[in-house]
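Coordinate-derived values only; no laboratory data. Just so we're clear, the structure is a prediction, and the values are computed from it rather than from any experiment. In this analysis, Cβ positions are derived from the backbone assuming ideal geometry, glycine residues included, and neighbour counts consider all displayed protein chains.
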Number of protein chains: 2
Amino acid sequence: MALIGKLVICGVGLIGGSFALALRGKGEVGHVVGMGRTRAALERARALGAIDEIATDWATALEGADFVLLATPVGQIDEVMTAMAPHLQTQTIVSDVGSTKGDVIAAAYQRLDAHLSRVVPAHPIAGAEKSGVEAASAALFHGKRTVLTPLPENDAAAVERVRAAWQVCGAAVVDMSPQDHDRVFAAVSHLPHLLAFGLVHDLAGRANAELLFSHAASGFRDFTRIAGSHPEMWRDICLANRQALLGELDQYLGELALIRSLLLSGNSERLEQLFKEARHARIAWGEAAVGTDAQARTGDRLRSAR
Amino acid sequence: MALIGKLVICGVGLIGGSFALALRGKGEVGHVVGMGRTRAALERARALGAIDEIATDWATALEGADFVLLATPVGQIDEVMTAMAPHLQTQTIVSDVGSTKGDVIAAAYQRLDAHLSRVVPAHPIAGAEKSGVEAASAALFHGKRTVLTPLPENDAAAVERVRAAWQVCGAAVVDMSPQDHDRVFAAVSHLPHLLAFGLVHDLAGRANAELLFSHAASGFRDFTRIAGSHPEMWRDICLANRQALLGELDQYLGELALIRSLLLSGNSERLEQLFKEARHARIAWGEAAVGTDAQARTGDRLRSAR
């Protein structure tokens, strides 16, 4: 018997579509219903085999549903939860894929307060600058992490079902508190996106933008790859997590102030030392695989790097 | 007959080694002499076939030399030019591979003032986070650009010889003024390196660095790849070009101040607009090939993106 009988995906884009394709590929889902804002996207999702059926109202979609995955941009989560709440049946597990957890959980407490035992927030770490169901793939989560941030109200069985679904997708599942999650991802994901968007925006607005871009090479290419990410999704992430993100941005501005002062005073020795420490940490991290056991190995290398 | 009879490479690392290997591969060099600070590195360069002979003094190295390539970190250029000047023969062309041109040219005017007709500054754009002759390859410059910043004093024939050598290496050669060169590369290369070093240095110094790095994924990997670059080389570049670099850093700090204010005020619309403009420019640039005719095509796309 499949892990999930009836699955509802709200927002069948890169992540939602890949989740459905991965479960299908393993025979672990019976029937997949898609919901979303734009009919054309849902038609493409059906044509690509990610969903079996398109629903236009929550009552139909949620009838007999085992699992609902909310895969819209995080800015729509509150509205979606409000709309689905009256039609939610007792057995249905609700999970999400939001890159921020504090705001999703706040919405759940407000909109799904009678259903908290089965609302299990999650965040699959599958960064991709592409978006849309056309980019979806059953292999997207292979060897990647998914973070669960379970609520104190959760049924243990619901948490284990969500964990199992992501494991079927090939992800390594780890648990964190929502607060830790939002701080960690502000630092290692949300801030770098902001910095890359900012650099490209800055250069593109210059009078000599053409000359500048024509001489940009592979370092620039990799540094700015994430500036090709989905603007609405990243607007929502940055605003949803803005408290932690502003903290990280200010810390980084402090780092840049230090670097600026070293440049201004021509402090060759300290500048080289700073670059050396960064290089050492970056190489240590790069050598540790980004996967199941990366944490332990990164730890070892970081310790030896100090 | 080979383009270069006797070639002297000072600093046989990634760039110097690759230049020698590329010319050798095409049969366009007769004899290659290596000079450098560390004997062991020169021995490896000889073992790898990048050089034929190791010289320990400039008099021997420069005897009958047709072409000297200065491929040390830019911070050593002044010292190297001072040491070689008394032994330089009339026919010898001198070029370099420095990522900054203002400082190299200032050193040339001061140390090689009697030889300026044959000092042709150059900068091959072959970004690689690796360093050392072990990473050298005859194909390193294939499809990449090399920028020449000729001096008013240059003999036309010397400029054409340097151009031809880089073309033999597979590079597309373009000419720029040294001032334009240094401003352009401060923006698209030196600043991104500084920002990536800064982010990794900041995170590596945190009490929870292990937790942070363990959750970093592909966006972080690409954004910080250049933080694995050679610390001494980048210290020299940043200090040599610090005037232009400080200008770029300050402009970028202005961009971050704008982003910070949009975050703080929750200005969803303008934040999304900024991300959209960045994404549009980044995708337009990414679609234009980084190569010979990238400039024209990037221009077209940037114009249409506005």
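How much of the pair distance distribution for the protein assembly as shown lies past 36 Å, counting alpha-carbon pairs only, in percent? I get 44 percent for the Cα pairs in the protein assembly as shown exceeding 36 Å.
The simple spin-label model puts a point 7 Å past each Cα toward its Cβ; for A:A2 and A:H31 those points are separated by 1.0 nm. Label point of A:D155 (7 Å along Cα→beta-carbon): distances to the other copies' equivalent points are 8.8 nm, sorted ascending. Rounded to the nearest 5, the antiparallel percentage of DSSP beta bridges internal to the stretch B:4-176 is 15%. Tell me, what is the percent relative contact order of the stretch A:134-281, built from C-alpha pairs under 8 Å that lie six or more residues apart? Reported relative contact order: 20 percent. Could you tally the net charge around B:N267, taking each other residue with its Cβ under 13 Å from the Cβ of B:N267, Lys/Arg +1 and Asp/Glu -1? Every neighbour counted, the sum reads +2.
In chain B, the DSSP beta bridges split such that about 15 percent are antiparallel, to the nearest 5. Just B:L148, B:L245, B:L212 to compare: in a GNM of chain B, with alpha carbon springs under 10 Å, which one fluctuates most? Fluctuation is largest for B:L212. In nanometers and ordered shortest first, the copy-to-copy spacing of the A:Q89 label point, defined 7 Å from Cα toward Cβ, is 9.2. Only DSSP H runs of four or more residues enter the estimate; each adds -39500 (n - 2.57), and after division by the residues of chain B the mean residue ellipticity at 222 nm equals -15500 deg cm²/dmol. Among chain B residues, the one whose Cβ is nearest the axis of the rotation from B to A, given with its distance rounded to whole Å, is B:D222, 2. Sorted shortest first, the distances from the B:G25 label point to those of the same residue in the other copies are 3.6 nm; each point sits 7 Å from Cα along Cα-to-Cβ.
Highest GNM mean-square fluctuation among A:P121, A:P152, A:P73, for chain A modelled with Cα contacts below 10 Å: A:P152. If you average the sequence gap of Cα pairs under 8 Å that are 6 or more apart and divide by the length of chain B, what percent do you get for the contact order? Reported as a whole number, the value is 16 percent.
The distance separating the Cα centre of the stretch A:211-261 from that of the stretch A:11-50 comes to 31 Å.
For Cα pairs less than 8 Å apart in space and 6+ apart in sequence, what is the mean separation divided by the residue count of the stretch B:4-176, i.e. the relative contact order in percent?
Result for the stretch B:4-176 is 24 percent.
Scanning chain A for GluC sites (Glu not before Pro) in DSSP loops with at most 15 neighbouring Cβ atoms within 10 Å leaves A:154-306 as the longest stretch between them. Residues considered: B:F275, B:F19, B:F141. Largest GNM mean-square fluctuation over chain B, using C-alpha springs under 10 Å, is found at B:F275.
Mean per-residue shielding of peptide B:226-234 is 6, counting Cβ atoms of other chains within 10 Å of each Cβ. A simple charge model with +1 on the Cβ of Lys and Arg, -1 on the Cβ of Asp and Glu and nothing else charged puts the dipole of the stretch A:4-176 at about 460 debye relative to its Cα centre. Taking a sphere under 9 Å around the Cβ of A:A138 and counting the other residues whose Cβ falls inside, with K and R at +1 and D and E at -1, yields a net charge of +2.
Legend: mean number of C-beta atoms from other chains within 10 angstrom of residue C-beta atoms, peptide B:174-181, equals 1. A Förster radius of 22 Å, combined with the Cβ-Cβ distance separating B:A164 from B:A139, puts the computed FRET efficiency at roughly 0.75. The simple spin-label model puts a point 7 Å past each Cα toward its Cβ; for A:D113 and A:A157 those points are separated by 2.6 nm.
I'd like the orientation of helix B:191-204 relative to chain B: the angle between its Cα long axis and the longest Cα principal axis, in ° from 0 to 90, rounded to 10. It is inclined by approximately 70 degrees. Restricting attention to the protein assembly as shown, close to 15% of DSSP beta bridges with both partner residues there are antiparallel. Could you please report the charge total around B:A106, scoring K, R as +1 and D, E as -1 over all other residues with beta-carbon less than 13 angstrom from its beta-carbon? Local charge sum for B:A106: -3.
Computed from the C-beta positions of A:T56 and B:R270 and an R0 of 51 Å, the FRET efficiency is 0.95 to the nearest 0.05.
Counting only other chains, what is the mean number of Cβ atoms within 10 angstrom of the Cβ of each residue in peptide A:92-100?
Across the residues of A:92-100, the mean count of other-chain Cβ atoms within 10 Å is 0.
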